[in-house]
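The values are calculated or read from the model by the stated rules, or taken from the named source; none is laboratory data. What you see is a predicted model; the values in this text were computed from it and never measured. Cβ placement follows ideal geometry from the backbone for every residue including glycine, while neighbour counts extend to all protein chains displayed.
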Amino acid sequence: MPDDLISRTAPLTASRPKAPLAGTIRVPGDKSISHRSLMLGALAVGRTEITGLLEGEDVLCTAAAMRALGAGVERRKDGRWLVDGVGVGGLTEPADIIDLGNSATAARLLLGILATHPIICFVTGDASLRSRPMRRVTEPLSRFGAKFTTREGGLLPIAVTGAIDPVPIEYALPVPSAQVKSAVLLAGLNTPGETTVIEREATRDHTERMLGHFGASVRVEPIEGGRRITVVGQPELKAAPIAVPADISSAAFALVAGLIVPGSEITVEGVGLNPSRTGLLASLKEMGADIAYLNERVEGGEPVADLRVRAGTLKGADIPPGRAPSMIDEYPILAVAASFAKGRTVMRGLTELRVKESDRLSGTATGLASCGVKVSVEGDDLIVEGNGGPPAGGALIQTRLDHRIAMAFAVMGLASKAPIQLDDARTIATSFPGFEPLMNQLGAGFAEIG
């Protein structure tokens, strides 16, 4: 999010609606797929048509970046996006600094692409993004022959000097990270030979799926607990249409609202159900949530369904650490659900939450405690003690410029005993433009944002 917008706060108060939530909605397109469709469309030969693209600030920064690097990127009045690609290796040096706002996904994936293009590029972001670690990608990307000049600690802004003669690598991920995996695979596109990533725990696989969709040669081989992914370098990617499904990470907020506001029944249409992204649904079902999969289908190579939830009693559950990669963005809203459940919920192995837009582990725990929830952090585990009833609420939540913290506690305020106020809801637009009116369509009754 641009710094000039961050300087203007937009408090939001969330309180119990007068009636149960009800209705059918469609949330914005999947953010992960939206970023990748713009990037790979720019690297393909021909015109890629994208429907359902998320038009949040993060993705719009990616669109501007690809345009600055020489691709044609245009939004039509009917909502379709057209990307005229330049082919693998065809990106050109931008005339100005590339600003990726608040999006770490865009930054890390773009660094992968730039690493093997023989150009010089300067990349920055907003205050939040400039505080997030980039060394986790610059270290493996340097092995291709790229050079990175960063601030102390490996932070943005970064000057990238792409490799003139890149060499393929084999890289074992030290921690599960779809962003690091994707950065290495994207660097491998413009590198002769085969580039391989080894992941000991499977992470979301949108990059592998979309590479195949555009005609790249990708091998995915199972290994104990994880996968070995290899991309053959210097393919001619061919333009291919993309239909972006609704984002399960955004759907999560409406789904949990429907589960915790008494008497509610809602349906979220067209939600992407990539197996590497459905950890939240598995966890909620273990907690006794009433979730039905309707109209299951495949769209654009991704499994999709309409999800219907009905409010009911939730119970505590033990969420294993191996599930974290498939739901890393959904832990704040899962913790909110746990605060309404009866019994203890333990969410294990949340190391990655500490390096998101904010320290989400600390932010979630602090927010829950301020709302009267018994909560603790033990190492990288988050433990929530629910009593089966609504928490007290009544707190002012410091959202820390984190959109998922903001939305999670906005949802909590719909069912807590007393209203919950957010210090600033403006960052919600980075991933979920229209959050307030869409939730109000179900009966939430949020006050105006802005």
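Need the failing condition index for E74 against (1) under 24 Å from the mean Cα position of the chain (by Cα); (2) assigned to a loop (DSSP other than H, G, I, E, B), just the number.
So E74 meets the others, but not (2).
Given the conditions (1) among the β-branched types (V, I, T); (2) out of contact with any helix residue (DSSP H, G or I) (no Cβ under 6 Å at 6 or more places or on another chain); (3) assigned to a loop (DSSP other than H, G, I, E, B), which single one is not true for T13?
(3)
Condition first: of a type in the set (S, T, Y), crowded, with 16+ Cβ neighbours inside 10 Å and not in a helix (DSSP H, G or I). Now tell me which residues in the range 352-382 satisfy that.
S358, the sole residue that qualifies.
Being small (G, A, S) and closer than 17 Å to I119 by Cα is the filter here, so list the residues in the range 131-165 that pass it.
If the condition is that a residue be small (G, A, S) and closer than 17 Å to I119 by Cα, then S142, G145, A146, A159, G162, A163 are the ones that fit.
Within the range 125-132, can one find any residue that is acidic (D, E), touching a His at 6+ places or on another chain (Cβ under 9 Å) and outside the structural domain of P433 (by TED's automatic domain parsing)?
no
Taking the condition of being in a strand (DSSP E or B), more than 30 Å from P133 (Cβ to Cβ) and in contact with an Asp or Glu (Cβ under 6 Å, 6 or more places away or on another chain), how many residues in the range 310-351 meet it?
Number satisfying all stated conditions: 2.
Residues checked against (1) modelled with pLDDT of 95 or more; (2) assigned by TED's automatic domain parsing to the domain that holds D290; (3) of a type in the set (K, R); (4) over 20 Å from T51 (Cα atoms):
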| position | (1), (2), (3), (4) |
| --- | --- |
| R204 | no, no, yes, yes |
| L211 | yes, no, no, no |
| K238 | yes, no, yes, no |
| A251 | yes, yes, no, no |
| V256 | yes, yes, no, yes |
| L273 | yes, yes, no, no |
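Using the structure shown, decide if D306 is modelled with pLDDT of 95 or more, touching a Gly at 6+ places or on another chain (Cβ under 7 Å) and over 25 Å from C371 (Cβ atoms).
When the stated conditions are applied, D306 passes them.
Let's see how each residue does on (1) touching a Leu at 6+ places or on another chain (Cβ under 6 Å); (2) at pLDDT 95 or above; (3) under 25 Å from T203 (Cα atoms):
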{"position": "D84", "(1), (2), (3)": "no, yes, no"}
{"position": "G89", "(1), (2), (3)": "no, yes, no"}
{"position": "L100", "(1), (2), (3)": "no, yes, yes"}
{"position": "T124", "(1), (2), (3)": "yes, yes, no"}
{"position": "R143", "(1), (2), (3)": "no, yes, yes"}
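Within the bounds of the range 30-47, is there any residue that is surrounded by fewer than 18 Cβ atoms within 10 Å (Cβ to Cβ) and on the phi < 0 side of the Ramachandran plot?
Looking through the range 30-47, at least one residue is surrounded by fewer than 18 Cβ atoms within 10 Å (Cβ to Cβ) and on the phi < 0 side of the Ramachandran plot.
Looking at T13, T51, can you tell me which residue is more than 24 Å from the chain's Cα centre (by Cα) and either surrounded by fewer than 24 Cβ atoms within 10 Å (Cβ to Cβ) or of a type in the set (G, A, S) (or both)?
Selected residue: T13, the only one of T13, T51 that is more than 24 Å from the chain's Cα centre (by Cα) and either surrounded by fewer than 24 Cβ atoms within 10 Å (Cβ to Cβ) or of a type in the set (G, A, S) (or both).
Would you confirm, using the coordinates I've provided, whether G443 is surrounded by fewer than 19 Cβ atoms within 10 Å (Cβ to Cβ) and either in a loop (DSSP other than H, G, I, E, B) or touching a residue at least 60 places away in the same chain (Cβ under 8 Å) (or both)?
It is true that G443 is surrounded by fewer than 19 Cβ atoms within 10 Å (Cβ to Cβ) and either in a loop (DSSP other than H, G, I, E, B) or touching a residue at least 60 places away in the same chain (Cβ under 8 Å) (or both).
For I97, work out the one condition from (1) loosely packed, with under 14 Cβ neighbours inside 10 Å; (2) touching a strand residue (DSSP E or B) at 6+ places or on another chain (Cβ under 8 Å); (3) without any contact (Cβ under 8 Å) to a residue 60 or more places away in the chain it doesn't fulfil.
Of everything listed in (1) loosely packed, with under 14 Cβ neighbours inside 10 Å; (2) touching a strand residue (DSSP E or B) at 6+ places or on another chain (Cβ under 8 Å); (3) without any contact (Cβ under 8 Å) to a residue 60 or more places away in the chain, I97 misses just condition (3).
Could you count how many residues in the range 92-129 are over 10 Å from V160 (Cβ atoms) and in a loop (DSSP other than H, G, I, E, B)?
Counting residues in the range 92-129 that are over 10 Å from V160 (Cβ atoms) and in a loop (DSSP other than H, G, I, E, B) gives 16.
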